[in-house]
Amino acid sequence: QTPAIAVGPLERLAYAAGLLAWGVFCALCATGAVPAVDLAAHAAQLEVLKALLQGDPVALGVYQWHFTFGYGLTTWLFLPLAFLKDGAFAARVGIWVALALFPVSVAALLHAMRRPLWPALLALPLAFNVSYWYGLLPGLFAQPLAVFTAAAMVWALSSPGRWRWGVVNLLAAAVMQSNLFTFVGLCVALAALAVQRRGLKGAAPVLAAA
């Protein structure tokens, strides 16, 4: 097994400063000229859902609320922020969270694989992908969740345990409820990871258990 990479105090401070700077940059992206394709629709959905839950007669006469399979996690997750202010604010916070989690999720995967954390910097441009430019909040939010799931999978494969597999399944379920297409890609990635770590014969019971 690969030994853990030691991280000194100065490195920890540098990582913390870098993460803070990235968070500030993401906040500027979220409060500035954010993508206006789907993001406005997500904000409107949050506003409509808020109105339905508040019993607005106009909204109730046109819409009904339900939890959408493979799509609705971000809507319900950021709904409290819509109640706090409005749907546009909630959608902007959602974009900020999704962007900010990108390097954190890659760092978690590198840590699980016992590798240096600095290559997580290479993931920063990947945050501004098609989902970001299209304003697709569920798809963008699901991507770092998928990387977190892969990190949990590596962790569970190296030190098996029921609660660790529970974390894998919980994260995978969150990906599925955020964006179904990302979940399909995640399933393929996890299967490949299991085969790479355990071989074809060893991967079958692992995937069955997961």
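The values are calculated or read from the model by the stated rules, or taken from the named source; none is laboratory data. The model shown is predicted, which means the values in this text are computed figures rather than measured ones. Neighbour counts are summed over all protein chains in view; Cβ atoms, including those assigned to glycine, are modelled from backbone coordinates with ideal geometry. SASA here: full protein model, heavy atoms, side chains in, ligands and nucleic acids out. Shrake-Rupley method; radii C 1.70, N 1.55, O 1.52, S 1.80 Å.
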State whether one or more residues within segment 66-87 are among the polar types (S, T, N, Q) and either farther than 25 Å from Leu171 by Cα or touching an Asp or Glu at 6+ places or on another chain (Cβ under 9 Å) (or both).
no
Answer residue from segment 87-107, given it is touching a residue at least 40 places away in the same chain (Cβ under 8 Å) and open to solvent by 30 Å² or more (accessible area, probe 1.4 Å) and is nearest to Lys50 (Cα to Cα) among those
Ala88
Flag for Phe102 being among the hydrophobic types (A, V, I, L, M, F, W, C) and not in a loop (DSSP other than H, G, I, E, B)
yes
Residue that is modelled with the lowest pLDDT, among those in segment 161-197 that are out of contact with any helix residue (DSSP H, G or I) (no Cβ under 6 Å at 6 or more places or on another chain) and farther than 29 Å from Val130 by Cβ
Gly161
Conditions: (1) modelled with pLDDT of 90 or more; (2) part of a loop (DSSP other than H, G, I, E, B). Leu46 meets all but one. Number of the miss?
(2)
Yes/no for Thr68 being modelled with pLDDT under 85 and within 26 Å of Val104 (Cβ to Cβ):
no
Subset of segment 22-43 [among the aliphatic types (A, V, I, L, M), part of a helix (DSSP H, G or I) and out of contact with any helix residue (DSSP H, G or I) (no Cβ under 6 Å at 6 or more places or on another chain)]
Val24, Leu28, Ala40, Ala41
In segment 49-73, which residues are exposed (fewer than 13 other Cβ atoms within 10 Å of the Cβ), under 22 Å from the mean Cα position of the chain (by Cα) and part of a helix (DSSP H, G or I)?
none
Name the residue, out of Phe141, Phe181, that is under 11 Å from the mean Cα position of the chain (by Cα), in a helix (DSSP H, G or I), closer than 22 Å to Ala41 by Cβ and not charged (D, E, K, R).
Phe141
Please count how many residues of segment 159-178 are open to solvent by 20 Å² or more (accessible area, probe 1.4 Å) and part of a helix (DSSP H, G or I).
13
Name the one entry in Ala156, Ala127 that is open to solvent by less than 20 Å² (accessible area, probe 1.4 Å) and within 18 Å of Trp96 (Cβ to Cβ).
Ala127
